[in-house]
1. So, in segment 61-75, exactly how many residues are assigned to a loop (DSSP other than H, G, I, E, B), out of contact with any Pro (no Cβ under 9 Å at 6 or more places or on another chain) and within 17 Å of residue 128 (Cβ to Cβ)?
2. Keeping to segment 16-60, report how many residues are touching a Pro at 6+ places or on another chain (Cβ under 9 Å) and closer than 17 Å to residue 87 by Cα.
3. Kindly evaluate residue 46 against the criterion of being without any contact (Cβ under 8 Å) to a residue 60 or more places away in the chain, within 17 Å of the chain's Cα centre (by Cα) and either surrounded by 14 or more Cβ atoms within 10 Å (Cβ to Cβ) or over 20 Å from residue 91 (Cβ atoms) (or both).
4. For segment 49-81, give me each residue that is exposed (fewer than 10 other Cβ atoms within 10 Å of the Cβ) and among the β-branched types (Val, Ile, Thr).
5. Would you please name the residue that is farthest from residue 38 (Cα to Cα), looking only at residues in segment 87-98 that are surrounded by fewer than 14 Cβ atoms within 10 Å (Cβ to Cβ) and either in contact with a Lys or Arg (Cβ under 8 Å, 6 or more places away or on another chain) or not charged (D, E, K, R) (or both)?
Amino acid sequence: MSNIRKIHHVAYRCKDAKTTVEWYQKHLGMNFVLAIAEDQVPSTHAPDPYMHLFMDAGGGNILAFFELPNAPEMGRDPNTPDWVQHIALEVDTVGELEATKARLEAAGIPVVGLTDHTIFKSIYFFDPNGHRLELAANTATPEMMKKLDEVKWDMLNEWDKTKRAPKHAAWMHEKEFTAA
């Protein structure tokens, strides 16, 4: 069994490599780390030119994209709601989240939220490729995380049997949380 150290990178498709790099730099402050371009796929040796770009998502995390000029236009899984497939990136504070929301909206980018998930707050928006992004700022207390950790297996096992939302963490949806 391998011991996974971390995610090396997560890769998505993009419509235009240069537009994608510039958008992530401008709106999220992510640095452009690396570009790899080939005329043939290294793993399959298929003749299919691509541009593979890598963006610094902080903390040693890399968000990567492929531009595939010879492939049909990219699409989405029509059976999966837009809100399900997303890339969630963490920011330090709720204040930074609010400031980013204001900057995005000033740039004409529609933003959903500030959404309060009890253990974090977040905003949602789309990049120029149609990928939904979430920026999140943690707000959990150690007591909240302890309570969630204690019920995770019970919740998973109940879900597995019933396919209905277990109520072990219903406190997350109450107006005020008390750790008692």
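1. First pass over segment 61-75, keeping only residues assigned to a loop (DSSP other than H, G, I, E, B): 61, 68-75.
If we keep only those that are out of contact with any Pro (no Cβ under 9 Å at 6 or more places or on another chain) as well, we get 61, 71-75.
Filter once more, so that each one left must be within 17 Å of residue 128 (Cβ to Cβ): 73-75.
The number of residues fulfilling the criteria is 3.
2. Looking only at that region, the number is 2.
3. Details: without any contact (Cβ under 8 Å) to a residue 60 or more places away in the chain: yes; within 17 Å of the chain's Cα centre (by Cα): no; either surrounded by 14 or more Cβ atoms within 10 Å (Cβ to Cβ) or over 20 Å from residue 91 (Cβ atoms) (or both): yes.
No; evaluated as a whole, the condition is false for this residue.
4. Result: 80, single match.
5. 95
To keep it simple, each residue is scored yes or no on (1) touching a residue at least 24 places away in the same chain (Cβ under 8 Å); (2) assigned to a loop (DSSP other than H, G, I, E, B); (3) exposed (fewer than 15 other Cβ atoms within 10 Å of the Cβ); (4) in contact with a Phe, Trp or Tyr (Cβ under 7 Å, 6 or more places away or on another chain).
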site: 100; (1), (2), (3), (4): yes, no, no, no
site: 123; (1), (2), (3), (4): yes, no, no, no
site: 130; (1), (2), (3), (4): yes, yes, yes, no
site: 152; (1), (2), (3), (4): no, no, yes, no
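All of the numbers you see were taken from the coordinates with simple rules; none came from a lab. Note that the coordinates shown come from a computational prediction; the quantities given were computed from them, not determined experimentally. A quick note on method: Cβ atoms are made from the backbone with ideal geometry, for glycine too, and the neighbour counts reach across all protein chains shown.
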